[in-house]
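This report concerns only the one structure given below.
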Amino acid sequence: MERVTFDRGDAGSLIVRLAGDWQIKDGVPGHDGVDPALEGVAQVRVDGAAVGAWDSSLASWVLVLAEACRARGTPLDLSGLPAGAAKLLAVAIAVPERKGTGKDERRTGFIERLGRSTIQAGRDIGDTVGFIGEAARAFALLFTRRARFRGSDLALLIQECGAEALPIVTVISLLMGLILAFVGAVQLAQFGADIYVANLVVIAMAREMAAVMTAIVLAGRTGAAFAAQIGAMQGNEEIDALQTLGISAMEFLVLPRMLALILMTPLLCIYANLMGVLGGLIVAMGMLDVSVNGYLLQTQGAASLGDFAIGIGKSAIFGIIVAVSGCLQGIKAGRSAAAVGQATTTAVVMGILFIIVADGIFAVLFNILGW
Amino acid sequence: MTGQPRIDVRDLDMVFGDFAVQRNLTFQINTGDVFVIMGDSGCGKSTLLRHLIGLQRPGRGDVHYDGEAFWAADDERRQAMSRRFGVLFQSGALWSSMTLAENVALPLQLYSPLSPRERADVVRLKLALVGLRGFENHYPSEISGGMKKRAGLARAMALDPDILFFDEPSAGLDPLSAKRLDDLILELRDSLGATIVIVTHELASIFAIGDNGVFLCADRRTMIATGSPRDMLENCPDAKVRAFLRRGEMETQ
């Protein structure tokens with residue numbers, strides 16, 4: 001049975017006859033016929049006498065009809081609908097669609113989207129530079145006057161990003177030393193230069209791997225935590241509460257986090273060096289014909305204090321990068337749960353990216369300087 | 001009280017980008033009043049509060065505290081002025097990594113010469129005033145919503161401010177707790193001589209404690225009435241204001 005039929009009545013009136021069962025599970029009839037049927041019609045009446053069981057599928061179809069009538073200025077008589085449906089429609093029609101809510105669906109072309117994201121990228125760079133400037137100013141406050149943050153916060157942060165990171169740094173750097181030693185042992189054994197595994201491991205760890213691996217672990221562990229903590233505080237108006245007390249979030253939240261990482265990353269880096277050499281030693285003992293003393297002596301002779309200083313110095317810079325990207329994303333985060341998740345992701349990605357970029361720059365720089 | 005108003009809002013426009021939330025807001029808040037900012041949802045009540053407490057810069061116009069322009073002042077002066085405020089945010093906005101005692105103590109730690117022991121005494125008093133004695137070492141996540149609001153109030157009062165701002169204090173509270181909070185607000189006003197600014201649309205609160213107020217309209221994007229809520233109910237020429245204050249019920253005449 002046809003659920004919708006359009007009958008032309010006398011004197012330019014249209015009767016829309018609805019029949020049968022209208023249930024969501026059966027789908028809603030199309031409304032292609034509505035516009036042509038309304039052509040040149042003076043008034044419309046809906047006749048729902050033959051409607052059986054109905055739910056909101058009936059109301060939603062009639063709402064389309066009602067809107068078409070409203071657009072044409074044609075009077076519509078809904079009294080023929082089942083009583084409940086008529087009431088439902090009266091509620092739906094009572095508040096007209098709000099135009100200009102600023103969220104109209106609009107198709108945007110490729111060029112427009114490209115332009116928008118370019119503008120956005122420019123703004124992001126501006127934000128980041130501004131944030132680094134403010135962070136530097138907050139840092140300078142440390143030396144000029146008592147910066148306003150709580151010592152107990154700093155102590156807790158140092159514990160969180162220093163001591164509590166020890167297990168993961170242990171595992172990663174021990175394995176790093178093992179892997180380097182394996183790779184080296186296979187190649188060097190071909191020349192009978194087994195003992196030089198010690199050189200390979202200690203130089204690689206001291207100059208590069210310890211600093212980079214520690215920083216990446218901290219970016220994933222601590223940078224993400226910073227972004228999430230500060231982002232959640234933003235959503236809970238906690239940052240506003242600080243600001244109304246005249247406490248800058250820069251001093252109170254960002255500064256102790258930067259300090260904690262600047263202090264802890266180099267220490268973790270030193271520890272990672274130690275673990276890396278230990279990893280190399282394990283491989284040397286197991287696979288190669290090298291004594292413990294011989295390995296350690298070779299290690300001692302291979303690396304200078306300068307090699308260690310380069311790695312440790314770099315790790316302090318990486319610590320700043322992790323702290324800045326975590327805190328920046330937290331402060332910039334929107335006030336919803338999704339925004340906090342987004343901020344956390346961006347903080348980790350940005351942290352790791354800039355660590356690698358900075359390491360590349362250092363490599364070129366040290367090469368030019370001949371260090 | 002006559003003389004200079006404590007807060008004087010002149011020709012204030014609140015804008016986001018090129019979208020104006022409210023235009024041409026001009027009203028005065030007298031010393032010692034409980035001043036109610038009311039209006040329909042989405043009209044910018046809380047945004048107005050953010051303009052008053054220095055979280056959002058107005059597009060045009062200024063707010064004067066005791067005759068001194070707030071937004072025209074430099075950052076340092078504005079911070080000094082805002083030290084006279086206490087603000088209770090909608091959700092309490094307690095710092096979640098600190099205990100209630102630490103939350104109340106932080107403003108004291110920064111802006112008062114008190115020793116740690118004296119500070120602890122003051123904190124105990126403030127928490128006692130809001131009925132939270134014994135909860136000093138609880139974290140905000142361990143207490144209920146109503147308690148968070150009260151703890152937020154204790155923090156707002158930490159520095160004995162002249163002006164207290166409340167963002168929807170009774171939203172989400174049961175009627176009895178809301179009533180108790182209203183009573184507490186009145187007591188604070190009377191005992192501390194503070195001026196109180198409240199954003200709310202709880203009719204019971206508006207009539208129970210409001211001395212004065214302003215009504216913002218979301219459709220017309222400006223204020224459509226000022227004065228005491230009771231007076232507005234009886235004499236306001238604008239039908240929308242009367243309907244709002246009667247909860248939409250027909251006028252009996």
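The values are calculated or read from the model by the stated rules, or taken from the named source; none is laboratory data. Source: prediction; values computed, not measured. Note that each Cβ is placed from the backbone with ideal geometry, even for glycine, and that neighbours are counted across all protein chains shown.
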Which numbered condition A:PRO256 fails, given (1) more than 14 Å from chain B (Cβ to nearest Cβ); (2) of a type outside the set (S, T, N, Q); (3) surrounded by fewer than 24 Cβ atoms within 10 Å (Cβ to Cβ): (1)
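Here's the yes/no breakdown for (1) under 14 Å from A:LEU218 (Cα atoms); (2) modelled with pLDDT under 95; (3) surrounded by 24 or more Cβ atoms within 10 Å (Cβ to Cβ):
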| residue | (1), (2), (3) |
| --- | --- |
| A:GLY276 | no, no, yes |
| A:MET287 | no, yes, no |
| A:LEU297 | no, yes, no |
| A:LEU305 | no, yes, no |
| A:ALA339 | no, yes, no |
| A:ILE361 | no, no, no |
Segments classed as strands (runs of 3 or more DSSP E), wholly inside region B:6-96, with at least 2 members that are over 30 Å from A:LEU253 (Cα atoms) and within 13 Å of chain A (Cβ to nearest Cβ): B:19-29
Those residues of region A:267-305 which are within 13 Å of A:MET205 (Cα to Cα) and among the small types (Gly, Ala, Ser), in sequence order: A:ALA272, A:GLY276, A:GLY279, A:GLY280, A:ALA302, A:ALA303, A:SER304
Residue match in region B:125-137 (condition: part of a helix (DSSP H, G or I), within 11 Å of another protein chain (Cβ to nearest Cβ) and over 21 Å from the mean Cα position of the chain (by Cα)): no
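Per-residue answers, yes or no, for (1) surrounded by fewer than 22 Cβ atoms within 10 Å (Cβ to Cβ); (2) touching a Ser or Thr at 6+ places or on another chain (Cβ under 9 Å); (3) modelled with pLDDT of 90 or more:
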site	(1), (2), (3)
B:CYS43	no, no, no
B:ASP62	yes, no, yes
B:ALA69	yes, no, yes
B:GLU76	yes, no, no
B:ARG83	yes, no, no
B:VAL87	no, yes, yes
Filtered residues of region B:97-122 (kept if hydrophobic (A, V, I, L, M, F, W, C), surrounded by fewer than 22 Cβ atoms within 10 Å (Cβ to Cβ) and away from chain A (no Cβ under 12 Å)): B:ALA101, B:LEU114, B:ALA120, B:VAL122
Selection count, region B:30-58, where residues are of a type in the set (Val, Ile, Thr) and either at positive phi or touching a helix residue (DSSP H, G or I) at 6+ places or on another chain (Cβ under 9 Å) (or both): 4
Residue match in region A:64-75 (condition: loosely packed, with under 15 Cβ neighbours inside 10 Å and either among the hydroxyl-bearing types (Ser, Thr, Tyr) or touching a strand residue (DSSP E or B) at 6+ places or on another chain (Cβ under 9 Å) (or both)): yes
So A:TYR271, is it touching a Ser or Thr at 6+ places or on another chain (Cβ under 9 Å) and more than 14 Å from every other protein chain (Cβ to nearest Cβ): yes
Failed item in (1) at pLDDT below 90; (2) in a helix (DSSP H, G or I); (3) among the acidic types (Asp, Glu), with B:GLU118 passing the rest: (1)
Exclusive hit being of a type in the set (D, E, K, R), within 14 Å of chain B (Cβ to nearest Cβ) and assigned to a helix (DSSP H, G or I), set A:GLU134, A:GLU164: A:GLU134
Test: residue in region B:64-80 that is over 15 Å from B:ASP162 (Cα atoms) and touching a Phe, Trp or Tyr at 6+ places or on another chain (Cβ under 8 Å): yes
Some residue of region A:17-26 being more than 54 Å from the chain's Cα centre (by Cα) and among the polar types (S, T, N, Q): no
Qualifying residue in region B:119-141 (condition: of a type in the set (D, E, K, R) and more than 26 Å from B:LEU186 (Cα to Cα)): no
Filter result (outside any helix (DSSP H, G or I), more than 10 Å from chain A (Cβ to nearest Cβ) and in contact with a strand residue (DSSP E or B) (Cβ under 6 Å, 6 or more places away or on another chain)) within region B:145-167: B:MET157, B:PRO161, B:ILE163, B:LEU164, B:PHE166
Considering residues of region A:343-359 that are under 14 Å from A:GLY223 (Cβ atoms) and not hydrophobic (A, V, I, L, M, F, W, C) only, the residue surrounded by the fewest Cβ atoms within 10 Å (Cβ to Cβ): A:THR345
Filtered residues of region A:317-371 (kept if among the aromatic types (Phe, Trp, Tyr) and part of a helix (DSSP H, G or I)): A:PHE318, A:PHE354, A:PHE362, A:PHE366
Qualifying residue in region A:7-19 (condition: at pLDDT below 85 and assigned to a helix (DSSP H, G or I)): no
Residue within region B:103-110 that is farther than 14 Å from A:LEU242 by Cα and modelled with pLDDT of 90 or more present: no
